[in-house]
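Below is one structure, written out as structure tokens; comments come after it.
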Amino acid sequence: MQIGDIVRFLESLAPPSLQEGYDNAGLLTGSPAWECTGILVSLDATEEVILEAKEKGLNMVVAHHPIVFSGLKKINGKTYVERAVIASIKYDISIYAIHTNLDNVIAGVNAKMAERLGLVNCKILQPKTALLRKLFSFVPVSHAEIVRTAIFEAGGGHIGDYSECSFNAPGKGTFKGGEGTTPFVGEPGRRHEEEELKIEAIFPAWLERNIVAAMLKHHPYEEPAYDIVQLSNEWNAVGSGLIGDLPASMTPTDFLQLLKDQFQLSVIRHTVPPAHAIHKVALCGGAGSFLTKTALAAGAQAFVTGDVKYHEFFDAESRLLLADIGHWESEQFTIDLLADHLSGKFPTFAVLKTAVKTNPVEYFR
Ligand SMILES: [Zn+2]
């Protein structure tokens, strides 16, 4: 097993192109060509975690937060970031960060939070737009089935829980081959008419290269005609935050207690509890206060996140129980999520969860 195999699997869970523009997710140190001796999963790839990996004979750290976030101008060990990078290079330990791309998929960081609270009917709170494209290909009827299947197998045609979605319209294609052509049907220099199907299928933008390659591979023409169109449809499988329903309504106090128990919290910073019961809950792991207004508009009675600043609590407009449970606390179960995925995919392989609590925040009680 090479580091590259692990990276490919992680990228199938959370495509790197889904990371936010400011992010730096991906393989930060090490090489995809290295033989992997085992994986240590953590929220932060600090020096302590790198040394833990070394001690346990694991040469890959899969972390949620990219330890190298903005540029490094010196690497002399003065900062915690430099020390982590130095240790990773010194001991040949690769660091892979799966960050906002894992925040943005429906089965990512927030799904794990929702699972702790028992939420049902979960949806993305703020779906992303401009991530969907459509392929229109024009295929002779004889080859329509094989081309359509190839597009599906490359990942096209998924809408919600439906797969193999396409639209197929019959029509007549015309073409005249120039000098040196060998048309699949007809003769060069003479206009040919062919019964074709226009096959339409939707696909996520990052699959474009695969989808087009699959279509071209199975299309019989020398110069297949096709169009790719960018769609402005929302895509509710990708985006920020999650919203869902509690199995039963509860009082704000009971809800805060549920949070405290499920996330093992010693303290919660929250707004004045509303008078009404909590049923619809929005959440966002990490720093999610940018979603408070969206949570309100979506009808949530509570919004759970971390890193909320003083003025941002006012955004709850006294209508929403805004609960700041802490950044690390909100994301802690991401370690289980990643470890479960990795050990499920590579069952004979060492996948360990870090024993280091990397949370830099302490509470004086
Ligand atoms: Zn975070």
The stretch 8-32 and the stretch 205-225 have their Cα centres apart by a whole-number Å value of 25
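Assuming a ≥ b ≥ c are the square roots of the Cα gyration tensor eigenvalues, decide whether the stretch 46-105 counts as rounded (a/c under 1.5), prolate (otherwise, with a/b larger than b/c) or oblate. Walk me through the numbers on the way to the answer.
Numbers: a/c = 2.49, a/b = 1.17, b/c = 2.13.
Oblate shape, in that a/c is at least 1.5 and b/c is the bigger or equal ratio.
Would you work out if the stretch 56-163 is rounded, prolate or oblate? Take a ≥ b ≥ c from the square roots of the eigenvalues of the alpha-carbon gyration tensor; rounded if a/c is under 1.5, else prolate when a/b is larger than b/c, oblate otherwise. Before the final figure, lay out each step's value.
On the way: a/c = 2.84, a/b = 1.83, b/c = 1.55.
Prolate, since a/c reaches 1.5 and a/b exceeds b/c.
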If N is the residue count of the stretch 113-190, its Cα Rg over 2.2 N^0.38 Å rounds to 1.80
Percent antiparallel among DSSP beta bridges confined to the stretch 243-351, nearest 5, equals 45
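Would you calculate the volume per residue, in Å³, of the smallest convex hull containing every Cα atom of the chain?
Values: hull volume 67.6 nm³, N = 365.
Roughly 185 Å³ of hull volume per residue.
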Taking Cα pairs closer than 8 Å and at least 6 residues apart, the relative contact order of the stretch 279-365 in percent is 24
Here, chymotrypsin sites (Phe, Trp or Tyr not before Pro) of the stretch 281-365 satisfying both criteria (DSSP loop; at most 11 other Cβ within 10 Å) are Y363, F364
Inter-part gap, Cα centre of the stretch 230-258 to Cα centre of the stretch 125-179, in whole angstrom, is 33
As a percent rounded to 5, the proportion of antiparallel DSSP bridges among beta bridges in the chain is 70
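Which of the trypsin sites (Lys or Arg not before Pro) across the stretch 64-103 are loop residues per DSSP, with 10 or fewer other Cβ within 10 Å? All intermediate terms of the calculation are to be shown ahead of the outcome.
Working: sites: K73, K74, K78, R83, K90; in loops: K73, K74, K78.
Passing sites in the stretch 64-103 are K73, K74, K78.
Can you give me the relative contact order of the stretch 94-202 as a percent, contacts being Cα pairs under 8 Å and 6 or more apart? Numbers along the way, then the final one.
On the way: 122 pairs, mean separation 31.6, N = 109.
Dividing the mean separation by the residue count of the stretch 94-202 yields 29 percent.
Kindly provide the helix-only [θ] at 222 nm of the chain, computed as the sum of -39,500 (n - 2.57) over DSSP H runs of four or more divided by all residues, to the nearest 500 deg cm²/dmol? Mind dumping the intermediate values first?
Working: 12 runs with 104 residues, N = 365.
So the helix-based figure for the chain works out to -8000 deg cm²/dmol.
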Contour minus Cα-Cα span, T181 to Y363, at 0.36 nm per residue, comes to 58.0 nm
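For the chain, the longest stretch holding no GluC sites (Glu not before Pro) located in a DSSP loop with at most 16 other Cβ atoms within 10 Å is which?
The answer is 21-163.
Would you work out the relative contact order for the chain, in percent, from Cα pairs under 8 angstrom that are 6 or more residues apart?
Values: 762 pairs, mean separation 66.9, N = 365.
Computed over the chain, the figure is 18 percent.
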Here P(r) for the stretch 169-250, Cα-Cα distances in 5 Å bins, as whole percents, is 3, 10, 16, 15, 13, 11, 8, 6, 5, 4, 3, 2, 2, 1, 1, 0
Rounded to one decimal in nm, the spacing of the 7 Å Cα→Cβ label points at D340 and N233 is 2.9
Calc'd 3J(HN,Hα), the stretch 244-256, phi into Karplus 6.51 cos²θ - 1.76 cosθ + 1.60 (θ = phi - 60°), Hz, glycine/Pro = x, comes to x, 10, 5, x, 8, 4, 9, 6, x, 5, 5, 5, 4
In order over the stretch 128-139: 3J(HN,Hα) from phi, Karplus 6.51/-1.76/1.60, θ = phi - 60°, whole Hz, x for each Gly or Pro, gives 8, 10, 6, 9, 9, 10, 10, 9, 10, 10, 10, 10
Zone reached by a paramagnetic label modelled 7 Å from R8 Cα along Cα→Cβ, restricted to the stretch 36-64 with backbone N below 16 Å, covers 36
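Find, among the trypsin sites (Lys or Arg not before Pro) in the stretch 133-203, those assigned to loop by DSSP (not H, G, I, E, B) with at most 15 other beta-carbon atoms within 10 angstrom.
Working: sites: R133, K134, R148, K172, K176, R190, R191, K198; in loops: K176, R190, R191.
Loop-located and lightly packed - K176, R190, R191.
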The alpha-carbon center of the stretch 304-324 and that of the stretch 337-365 are separated, in whole Å, by 29
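Values quoted throughout were computed directly from the atomic coordinates according to the rules given, and no laboratory measurement underlies them. The structure presented is a predicted model; accordingly, all values stated were derived computationally and were not measured. As a convention, Cβ positions derive from the backbone with ideal geometry for all residues, glycine included, and neighbour counts pool all protein chains shown.
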